[in-house]
Amino acid sequence: MEILNDYIVVLVMAICLAIGYIIKHFLPMDNKWIPLIMGCLGVLINVWVNAWGFTPEVLLGGLASGLAATGAFEMVRNLVGSENKDV
């Protein structure tokens with residue numbers, strides 16, 4: 001778990017969190033696709049942030065950040081104890 005802390009890029013995670021929220025609440029799509037979209041988007045954003053350099057660290061950082069955004073949204077939703085599970 002400590003290794004993931006080295007690879008999560010906060011900027012990429014924040015962008016993915018915002019885009020994931022928009023996708024979940026404003027696009028008619030099944031929620032099962034959101035983690036896949038966030039993982040791919042995280043990789044693309046991380047490659048862009050690193051001046052279009054593609055290395056295994058950039059790939060792992062993008063995937064970890066995109067998926068961490070999905071996990072962060074679910075964690076907040078569970079901590080708040082939302083009555084509506086579609087939120």
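What follows draws every value from the coordinates through simple rules; no lab data is involved. Remember, it's a predicted structure, so these values are computed and weren't measured experimentally. Ideal geometry is used to build each Cβ from the backbone, glycine not excepted, and the neighbour counts take in all protein chains shown.
The helix-only estimate of mean residue ellipticity at 222 nm for the chain, built from DSSP H runs of length n ≥ 4 each weighted as -39500 (n - 2.57), is -24500 deg cm²/dmol after division by the residue total. Per-residue extension of 0.36 nm, minus the Cα-Cα distance of Leu36 and Ala18, leaves a gain of 5.0 nm for this segment. In terms of the mean number of neighbouring beta-carbon atoms within 10 Å, the peptides 22-31, 40-49, 5-14 order highest first as 40-49, 5-14, 22-31.
When log10 I(q)/I(0) by the Debye sum over Cα atoms at q = 0.15 Å⁻¹ is calculated for this entry, the matching label among [x] -0.78; [y] -0.62; [z] -0.54 is [z].
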